[in-house]
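Only one structure is covered here, and it is reproduced in the block below.
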Amino acid sequence: MEKVLVTGATGFIASHLILQLIERGYEVRGTARSTDKAARLNEILSDYAGKPVAIEIVAADLSKDEGWAEAVKGVSYVQHVASPFPAETPKSADELIIPARDGALRVLKAAKAEGVKRVVMTSSMAAIGYGWGDKRPDTLSEVHWSNADNLNDNTAYARSKTIAEKAAWDYVTGEGAGLELAVINPVAVLGPAMSKDVSSSLQLVSQPLEGKLPAFPKLSFGIIDVRDVARAHIEAMVRPEAVGERFICGGDVLWMDEMGEVLRNAFPDRKIPKGTLPNWLVRLFAQLNPPLKQVLPELGKKRGYTNEKLKTVLGIEPIPADEAIIASAKSLIEVGAV
Ligand code: NDP
């Protein structure tokens, strides 16, 4: 049985990835910042899977050297999923950039030293579609890179993902040559949450469900179901043609009010907002609702991209956005998050 290390095992994407890896016959080890989280994580995974799951957890923090050599010991593959993804903008962008970049390098160096076959890294659409200003191509693809230096059309999080992914490619084409790398660049990830402690991306569904917004900001999001994201990570790990490639992992692009319509139709008993807020009001509102600050550069813009590589190289036909939205909502209600 081949062993796979999944970093940031407690996270939304990682949890689904762990279960799919187990389903496909791999033995899984995870990392978390503290092993105290292991028992609860295995409980959550077991509940969701409907059968006992007991993965080993090794303590490792992206900001520290300790733990990474032990984490990769004896594994054939590494799925590097961990990266800071806070709901709020940090005081300093370095709070995200340094752990994202240096953590990725710690993981890659440990993998190289251990003779790991391949590392799959979770980057983001944030490493492709930001910092373009008015010059953003209508259809983004894997050849495009965000400009992390353009602070006017960027967020600290987007910059952290761009800088970390660049550092990873630089490493495997330089000092770390010989180590195989494939990168997954998801858009906004929705789909079933396993616990109340949900990823920031699920706020796209939890906020309207809780009636927290008076109407929707004029924001659009590419949407992908977490189950597709997990599958993409596994396909990128096993398919020879995925080596050295990045993959936009995205499906339909919806305006937030279109997402609201899906929710209104599926949950008629809930008070889901309707209509679009003027941009000036969203900017004002963001002062009181910090998660919104991160998306201000995106107001009024529709992000186009191609997911051809996801379909043709990894063989994934994305779950429709409305299914992903409804699955998120049902799970958030079930786990008592909303
Ligand atoms: P979660 O917040 O659920 O997971 C993030 C994980 O990263 C957690 O397990 C967290 O561990 C870990 N982590 C954060 N900081 C550190 C650190 N300093 N050291 C070690 N581990 C750390 O988010 P997602 O599952 O949604 O995100 C997973 C990955 O996917 C991230 O790389 C994110 O950037 C990327 N991504 C997510 C998208 C989305 O829409 N959800 C879209 C595109 C990319 P802990 O439990 O200790 O906090």
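The values are calculated or read from the model by the stated rules, or taken from the named source; none is laboratory data. Since we're looking at a predicted model, the values are computed, not measured. FYI the Cβ positions are ideal-geometry reconstructions off the backbone, even for glycines, and counts take in every protein chain you see. Heads up: the accessible areas ignore ligands, DNA and RNA and are worked out on the full protein's heavy atoms, side chains in. Shrake-Rupley method; radii C 1.70, N 1.55, O 1.52, S 1.80 Å.
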| field | Cα coordinate range in region 1-157, projected on the principal axes (Å, largest first) | value | 51, 33, 31
| note | In the structure shown, of 3/64; 218/274; 91/302; 271/330; 37/91; 271/293, the pairs separated by more than 18 angstrom at the C-alpha atoms are 3/64; 91/302; 37/91; 271/293
| query | With the dipole of the chain worked out from charges on the C-beta (+1 for Lys and Arg, -1 for Asp and Glu) around the Cα centre, which of 59, 173, 160 lies farthest toward the positive end? | reply | 160
| request: Please get the size of the charge dipole for region 3-334, origin at its Cα centre, with Cβ charges of +1 on Lys and Arg and -1 on Asp and Glu, quoted in debye to the nearest 20. | output: 300 debye
| Selection of trypsin sites (Lys or Arg not before Pro), region 260-338, meeting DSSP coil and at most 11 other Cβ within 10 Å | 271
| query | Counting DSSP beta bridges in the chain, what percent are antiparallel, to the nearest 5? | reply | 10 percent
| remark: Output ordering of 107-116, 229-238, 45-54 (per-residue mean of other Cβ within 10 Å, highest first) is 229-238, 107-116, 45-54
| Dividing the alpha-carbon radius of gyration of region 177-291 by 2.2 N^0.38 Å (N being the number of residues), what value is obtained? | 1.30
| Which order, highest average first, do 9-20, 137-148 follow once you tally other Cβ atoms within 10 Å for each residue and take the mean per peptide? | 9-20, 137-148
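Averaging over all projection directions, find the projected area of the Cα convex hull of region 15-89 and quote it in nm² with one decimal place.
Average of the hull's projected areas for region 15-89 equals 5.8 nm².
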| query | Could you sort 326, 224 by accessible area so the largest value comes first, with the probe set to 1.4 Å? | reply | 326, 224
| task | Only loop residues by DSSP count here, and only those with at most 11 other Cβ atoms within 10 Å; note down the trypsin sites (Lys or Arg not before Pro) in region 51-92 that meet that. | result | 91
| said: Could you compute Rg(Cα) / (2.2 N^0.38 Å) for region 3-334, with N its residue count? | reply: 0.95
| task | Give me the percent of the accessible area of region 3-334 that comes from carbon and sulfur atoms, probe 1.4 Å, all protein chains in place. | result | 49 percent
| request: Sort out for me the Cα centre separation of region 275-314 from region 85-128, rounded to whole Å. | output: 23 Å
| request: Compare 280, 255 by solvent-accessible area with a 1.4 Å probe and give them largest first, with all protein chains kept in place. | output: 280, 255
